[in-house]
Amino acid sequence: MVNDQFDKSLLKAAACLFYCMVFISICTGCSLKKTPYQEIIHKKQKDTILNSINGLYPDRFKAIHRVILTLSGKDYVLNGYLSVNRPNREFKLIAQNDLGGIIFDVHYIENIEQQIHNNLKSIKNEWLIKSLLRDLKTLYLLEPCSSDTLFLDQQGNFILSREQGILKEELIFKPFKEQPRYQLYKIRHLENRKLVYQVDFEYGTKGNILYPEFIFIKDTRMRYSLRINIQYFM
């Protein structure tokens with residue numbers, strides 16, 4: 001009888017010790033786990049950072065692009081002649097083949113006009129509206145917004161995050177040449193935490209203006225990619 005009571009007490013003590021060890025392990029694991037992003041919530045600090053973020057482009061500019069579009073396993077080589085008026089929220093694009101023939105042209109003014117003339121039968125107008133217009137607006141009319149949530153990651157980059165329904169858009173800025181300025185180098189769209197669209201920038205210089213020399217776009221849902229080389233900028 002005494003031995004039975006002793007055995008039961010020993011089992012209870014062992015069980016108690018086991019649960020204590022599990023609890024300590026969980027708590028220790030939680031305390032050691034690092035949060036990848038730290039939110040910047042102080043308004044003055046956030047405003048200072050936003051004011052230090054460089055715009056990608058001047059208010060008005062023109063550019064010539066050499067573009068490789070990969071769609072459904074087929075490559076299309078295009079020359080794009082672009083004109084952008086950012087204050088007016090407007091852009092014009094003429095896409096030509098190597099012989100100078102116009103493949104399609106676009107004229108867009110936000111909330112006012114949206115025209116696409118397409119001469120390429122293998123690419124549907126609907127696809128151009130969903131992809132091309134979205135790409136152009138993302139590249140040339142997107143701007144940091146004070147209402148966006150601002151984070152600092154472990155590499156010292158700042159991330160502006162904005163929600164658009166089930167879609168989360170992230171603008172990632174990194175320090176520019178050890179100066180208190182930040183330059184956009186990646187845009188990500190996530191749907192249910194899954195990456196569905198990404199833009200990467202590689203920079204060159206034109207005079208005193210820092211601008212993307214190469215832009216890479218990949219859309220996993222619409223299954224296309226773009227490699228853009230900005231050959232002329234003014």
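The values are calculated or read from the model by the stated rules, or taken from the named source; none is laboratory data. None of the values given here were measured: they were computed from a predicted structure. Here the Cβ is made from the backbone with ideal geometry for all residues, glycine too, and neighbour counts use every protein chain on show.
Checking the structure you have, find out if any residue of segment 125-143 is in the same structural domain as Tyr232 (by TED's automatic domain parsing) and over 19 Å from Phe91 (Cβ atoms). There is at least one residue in segment 125-143 that is in the same structural domain as Tyr232 (by TED's automatic domain parsing) and over 19 Å from Phe91 (Cβ atoms). On the given criteria, is Ile116 free of Cβ contacts under 8 Å to residues at least 24 places away in the same chain, in contact with a helix residue (DSSP H, G or I) (Cβ under 6 Å, 6 or more places away or on another chain), in a strand (DSSP E or B) and aliphatic (A, V, I, L, M)? Yes; evaluated as a whole, the condition is true for this residue. Restricting attention to segment 130-153, does a residue exist that is surrounded by fewer than 16 Cβ atoms within 10 Å (Cβ to Cβ), more than 30 Å from Pro175 (Cβ to Cβ) and within 25 Å of the chain's Cα centre (by Cα)? Within segment 130-153 (the criterion being surrounded by fewer than 16 Cβ atoms within 10 Å (Cβ to Cβ), more than 30 Å from Pro175 (Cβ to Cβ) and within 25 Å of the chain's Cα centre (by Cα)), the answer is yes, since at least one residue qualifies.
Could you list, in sequence order, the residues of segment 83-98 that are in contact (Cβ under 8 Å) with a residue 24 or more places away in the chain and part of a strand (DSSP E or B)?
Scanning segment 83-98 gives Val84, Asn85, Phe91, Leu93, Ala95.
When we screen Ile123, Ile94, Ile103 for residues that are closer than 26 Å to Gly55 by Cβ and more than 24 Å from the chain's Cα centre (by Cα), the only hit is Ile94. Among the residues of segment 136-154, is any aliphatic (A, V, I, L, M) and either within 21 Å of Gln38 (Cα to Cα) or assigned to a strand (DSSP E or B) (or both)? Checked against the condition, which is being aliphatic (A, V, I, L, M) and either within 21 Å of Gln38 (Cα to Cα) or assigned to a strand (DSSP E or B) (or both), segment 136-154 yields at least one hit. Considering segment 90-104, the residues that are at pLDDT 95 or above and among the charged types (D, E, K, R) include one that is nearest to Lys62 (Cα to Cα), namely Lys92. Return a yes/no flag: does segment 203-212 have any residue that is part of a strand (DSSP E or B), surrounded by fewer than 19 Cβ atoms within 10 Å (Cβ to Cβ) and at pLDDT 95 or above. Among the residues of segment 203-212, not one is part of a strand (DSSP E or B), surrounded by fewer than 19 Cβ atoms within 10 Å (Cβ to Cβ) and at pLDDT 95 or above, which makes the answer no. Of the listed requirements (1) at pLDDT 85 or above; (2) assigned to a strand (DSSP E or B), Tyr182 misses just one: (1).
Residues of segment 165-178 include at least one that is assigned to a loop (DSSP other than H, G, I, E, B) and at pLDDT 85 or above. Restricting segment 44-89 to residues that are at pLDDT below 90 and β-branched (Val, Ile, Thr) leaves a set whose member that is nearest to Leu171 (Cα to Cα) is Ile53.
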